[in-house]
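Read-outs throughout are calculated quantities, based only on the coordinates presented, and are distinct from any laboratory measurement. Please read these numbers as outputs of a predicted model, since none were measured by experiment. Counting neighbours? That spans all protein chains shown, and the Cβs are built from the backbone with ideal geometry, glycine included.
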Amino acid sequence: MEHVEDPSRGDVVADAGVRIESAAAAIADAPLVALACHVNPDGDALGSMLGMLHVLRAAGRRVVASFPTPFQVAPHYRDLPGLDLLTAPAEFPTEPAVMVTFDCGSLSRLGDLEPAAKGAHELIVIDHHVSNDRYGSINLVEPLAAASGVVVQRLVDAMGLPLSRDAAVCLYAALVCDTGRFQHETTTTEVFELARRLTEFDVPVTSLSRALFEEHRFAYLQLLGEALGNAQLVREQRFVWTVITRDMLERHDVCLDEVEGLIDILRRAQEAEVTCVLKQEDDGSYRVSLRSLGDVDVRRVAEAHGGGGHRFAAGFSSDLDADTLIARIAAAL
Ligand SMILES: [Mn+2]
């Protein structure tokens with residue numbers, strides 16, 4: 001036999017090719033294409049969806065795009081072109097001929113757009129999360145892709161449609177967000193090749209990077225100071241954690257979305273393998289975020305509390321008090 005190395009791999013690639021052609025054909029035939037990404041969208045969700053929106057609009061296609069309630073974009077995504085073109089969830093078509101979801105691992109992550117997905121005649125799922133439920137009629141789920149934006153680029157190429165400057169900015173944002181600014185393991189030569197293609201357009205690399213990653217309100221920096229000052233290091237377990245209470249958010253006039261990236265600063269602690277941030281919601285419950293360097297699988301901790309994620313990053317929500325939560329997490333480690 002000549003091809004003994006991995007006989008299944010060719011089939012997998014061929015299947016992916018078939019699926020991408022079916023998706024391209026479905027979109028080409030649709031009178032209206034409805035795009036949606038997951039609730040509380042991040043840079044990849046918004047960037048991959050808006051990238052597709054720009055490409056289809058430029059091709060003269062009827063297209064709408066939205067994301068679930070709360071229909072509000074975090075401030076650091078404000079420079080993404082096309083936010084003003086989004087449709088409120090209440091105006092989203094209930095039975096779209098073709099609906100495409102972006103970066104969204106399950107139907108429930110579509111929030112109040114879930115009925116539209118169920119009513120869609122063809123549902124194309126574009127994602128790169130290995131845990132994706134494959135809830136579409138056509139699933140373009142590529143766990144090895146660095147971002148959903150990478151899968152969008154492949155689909156756009158399969159459709160034979162050109163990129164525009166605005167599409168390139170959005171896809172670049174998707175790429176830079178999900179690769180951690182080209183630092184994560186997923187940063188392959190394909191990623192750099194895509195970045196090269198995108199930056200042939202007028203992508204504002206510096207200002208976009210500042211808006212996405214660097215810039216914060218002074219009030220946030222002061223809250224950060226308090227959160228870092230309160231942080232606790234449990235040396236025996238290589239575990240570092242802090243709590244953001246409602247009181248802290250109110251005193252500093254900072255909203256919960258704004259503290260999303262705080263864990264990435266806390267996890268720089270050299271002594272820590274696992275990092276945890278508890279964020280208190282308006283109703284008093286906690287949103288728990290966990291990060292690991294890889295020796296500990298934090299998804300298992302999150303799943304034990306009804307949450308999920310992956311080995312390096314996971315989370316869950318809980319009505320328990322902060323001390324109990326920390327004790328339980330420490331015990332689980
Ligand atoms: Mn993503």
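Relative to the present Cα-Cα distance, how much length would full extension add between ALA331 and PHE218 at 0.36 nm per residue of separation? Walk me through the intermediate numbers first.
Details: separation 113, 0.36 × 113 = 40.68 nm, distance 3.61 nm.
Separation in residues times 0.36 nm, less the Cα-Cα distance, equals 37.1 nm.
Placing pseudo-labels 7 Å out from each Cα toward the beta carbon at THR199 and LEU293 gives an inter-label distance of 3.0 nm. Extent along the principal axes, Cα only, for the chain: 56, 55, 39 Å, with the longest axis given first.
Please compute the contact order of the chain in relative form: average sequence separation of alpha-carbon pairs under 8 Å and at least six residues apart, divided by the residue count, as a percent. Walk me through the intermediate numbers first.
On the way: 612 pairs, mean separation 41.5, N = 333.
Averaging sequence separation for qualifying contacts and normalising by length gives 12 percent for the chain.
If a spin label sat at a point 7 angstrom from the Cα of SER317 along the line to its beta carbon, the backbone N atoms of the stretch 38-69 nearer than 16 Å would be those of 38-41, 68-69. Beta bridges per DSSP, both residues in the chain: antiparallel share near 45 percent. Fully extending the segment from PHE71 to ARG134 would add 20.2 nm, taking 0.36 nm per residue of separation and subtracting the current Cα-Cα distance. Residues of the stretch 34-57 falling in the label zone of SER207, defined by backbone nitrogen less than 18 Å from a point 7 Å along Cα to beta-carbon, are absent.
Here the calculated FRET efficiency for VAL18 and GLU95, from their Cβ-Cβ distance with R0 = 41 Å, stands at 0.95, rounded to the nearest 0.05. Per residue, the average separation of C-alpha pairs within less than 8 Å and at least 6 apart gives the stretch 52-115 a relative contact order of 36 percent.
At a Förster distance of 51 Å, what's the computed FRET efficiency of ALA59 paired with GLU271, Cβ-Cβ distance as r, to 0.05? Before the final figure, lay out each step's value.
Details: r = 53 Å, r/R0 = 1.04.
Efficiency, rounded to the nearest 0.05: 0.45.
So what is the relative contact order for the stretch 218-332, in percent, with contacts set as C-alpha pairs under 8 Å and at least six apart? Computed value for the stretch 218-332: 20 percent relative contact order.
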